[in-house]
1. Extension gain residue 72-residue 112, at 0.36 nm per residue separation less the Cα-Cα distance, in nm?
2. Mind checking the per residue accessible area of the chain for me, 1.4 Å probe, whole number of Å²?
3. Please find the FRET efficiency linking residue 24 to residue 46, where r is the Cβ-Cβ separation and R0 is fixed at 30 Å, and quote it to the nearest 0.05.
4. At a threshold of 8 angstrom on Cα-Cα distance, excluding pairs fewer than six apart, so keeping six or more, what relative contact order does the chain reach in percent?
5. On the protein heavy atoms, probe 1.4 angstrom, tell me the percent of accessible surface of region 41-115 carried by carbon and sulfur.
6. Mind checking which of 119, 79, 49 is farthest towards the positive end of region 7-154's charge dipole, using Cβ charges of +1 (Lys, Arg) and -1 (Asp, Glu) about the Cα centre?
7. Per DSSP H run of at least 4 residues, take -39500 (n - 2.57); add these up for the chain, divide by its residues and hand me the 222 nm value, nearest 500 deg cm²/dmol.
8. Run the dipole for region 1-92 about the Cα centre, Lys and Arg Cβ at +1, Asp and Glu Cβ at -1, nothing else charged, and hand back the magnitude in debye, nearest 20.
Amino acid sequence: MSEIREIVTKAIIAKGRKCFRINQTIPVNNNAGNVLGCWVINHTTDTTLGLNSVDVSGSFDVNVWFANQENTATEIASASINYKETIKTREISCDTVTRNSEVQLKVLQNPTCTNACITENGIELEIVFELLVEVIGETKIMVTVFSFQESFDPIDDFENEINEDF
């Protein structure tokens, strides 16, 4: 005999992902000759749950190493970059997102400088990264429950089935 029961549990009820491409110009004091390297560090994020979306705000620091004085000296320019974007989510479950739902953010690709160009205004950078958001809320699942039946010892039954006249 079996029954069906409902279990209330937490599960991912909506998710979304987005690739970000941020262009930022960093002013430099001296005339830059060549960009020698760029590092993106200290990436932090914060999320706010919206209707069918998650608002993500964050920041990271950029350090650009460049040559100046006709490539005879080097210098590092630093800047802190802030961003605010919306990631649309799609429902996975029929359950609705409520105020009690929580958001988990995962960085699929850390911020990386993919392009650095010297312009008359400074050094123009292109930073790329990818984020995944998952909305976690309460949902119900249905399970089949079977009643417990006494088990038997298979060895006892085996001995009863032996045909001694064989």
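1. Values: separation 40, 0.36 × 40 = 14.40 nm, distance 2.73 nm.
Using 0.36 nm per residue and subtracting the Cα-Cα distance, I get 11.7 nm.
2. Counting only protein heavy atoms, the per-residue value for the chain is 71 Å².
3. E(calc), rounded to 0.05, equals 0.95.
4. Working: 359 pairs, mean separation 58.5, N = 166.
Dividing the mean separation by the residue count of the chain yields 35 percent.
5. Values: 2130 of 4900 Å².
Carbon and sulfur together cover 43 percent of it.
6. 49
7. -1000 deg cm²/dmol
8. Numbers: 9 positive and 9 negative charges, 85 e Å.
Dipole of region 1-92, to the nearest 20 debye: 400 debye.
The values are calculated or read from the model by the stated rules, or taken from the named source; none is laboratory data. These numbers come from a predicted model, not from an experiment. Positions of Cβ are generated from backbone atoms using ideal geometry, with glycine treated the same way; all protein chains shown enter the neighbour counts. Note: areas computed on protein heavy atoms with side chains; ligands, DNA, RNA excluded. Shrake-Rupley method; radii C 1.70, N 1.55, O 1.52, S 1.80 Å.
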